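Since every read-out is calculated from the coordinates, none of them should be taken as a lab result. Model, not experiment: these values are computed from the prediction.
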Amino acid sequence: MTLTSAARGVIILGLSITVLAACGSQANAPAASSSPTASATATPSPSPSAAAPVVMAQSVGTMGTLVVAASNSHTLYTFDSDSPGVSRCTGQCAAIWPPLTVAAGQTPTGGAGVTGQLGTITRSDGSLQVTYKGLPLYFFHTDSQTGDTKGNYTGWSVVHP
């Protein structure tokens, strides 16, 4: 079966609305603890040493230089509904927008070009999420390659160092 470009557009629009609704429904969910901690290792990859950067600055095509995860070079995002030290993306939202988390006992550090303050917050599930300039950092579930920025749309923003 072949879809017309109009049909494909309708499907993409419907999927986008579904994703935004899933994330938006979490805006009033209980927020994660805002007490910063000094712990950390980047996921989803194996833990780097305490001295290894968790995030780094990388040129990503027309988007310019962005903050990406050091473990896999995937683009990181912030959620407009979050506030400094508080994540409002939980449940289904966190399944679509997995948080950049770190293991206890390590400190998140930035590679060359990352000048903002890194920290962590404790999420409602007890995991430690990395923050940049106070805002929680997330991956987008369909970004599968270095340079993908598919999650840069209404309510979500790529992070510039």
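Quick notes on this one:
- Full extension of the chain between Ser83 and Thr62 gives 4.8 nm of extra length, using 0.36 nm per residue less the Cα-Cα distance.
- For the range 47-147, the C-alpha radius of gyration divided by 2.2 N^0.38 Å, with N the number of residues, is 1.00.
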